[in-house]
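Notes for the one structure printed next.
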């Protein structure tokens, strides 16, 4: 038996804030977007390298307050990039974990926590 990749769905409430955080600040790109009709909630896929996230304004898709871990092989460089972006709502720090890896946790504007880690699985 083989399982494939996991794509988390994160709840968002404001398209402009989501784009500001995920695209402008974190540097993800929009792969595609979907609405059933004009004025309906947004569902979109964003990605950065091998990390793919779905962002949804649909209330039935998921709950706010999710937490996820994202592997990053150049975490210190990403940390420096985020601080240089001077995003006024987040100034994430690096934390050395008891098991030796470094983590950087950032809360999005909707209460979801993204922890970027240099603990790379094999």
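Things worth noting here:
- Among the residues of the stretch 50-63, those that are surrounded by 12 or more Cβ atoms within 10 Å (Cβ to Cβ) and within 13 Å of the chain's Cα centre (by Cα) comprise 51, 52, 53, 54, 55, 56.
- All conditions in (1) touching a residue at least 12 places away in the same chain (Cβ under 8 Å); (2) surrounded by fewer than 15 Cβ atoms within 10 Å (Cβ to Cβ); (3) farther than 23 Å from residue 119 by Cβ; (4) touching a strand residue (DSSP E or B) at 6+ places or on another chain (Cβ under 9 Å) hold for residue 97, with the sole exception of (3).
- Only listed residue being surrounded by 14 or more Cβ atoms within 10 Å (Cβ to Cβ) and out of contact with any helix residue (DSSP H, G or I) (no Cβ under 9 Å at 6 or more places or on another chain), chosen from 90, 72, 107: 107
- Whenever a residue of the stretch 101-122 is at pLDDT below 95, its partners that are buried (at least 18 other Cβ atoms within 10 Å of the Cβ), lying with C-beta atoms within less than 7 angstrom and at least six residues away or across chains, give the pairs 101/117; 101/118; 118/72; 118/75.
- Near pairs, Cβ below 8 angstrom, 6+ apart or cross-chain, from the stretch 50-74 (in contact (Cβ under 8 Å) with a residue 12 or more places away in the chain and on the phi > 0 side of the Ramachandran plot) to any residue that is assigned to a loop (DSSP other than H, G, I, E, B) and crowded, with 17+ Cβ neighbours inside 10 Å: 65/112
The values are calculated or read from the model by the stated rules, or taken from the named source; none is laboratory data. These numbers were taken from a predicted model, which means no experiment stands behind them. With ideal geometry, Cβ positions are generated from the backbone for all residues, glycine too; neighbour counts draw on all protein chains shown.
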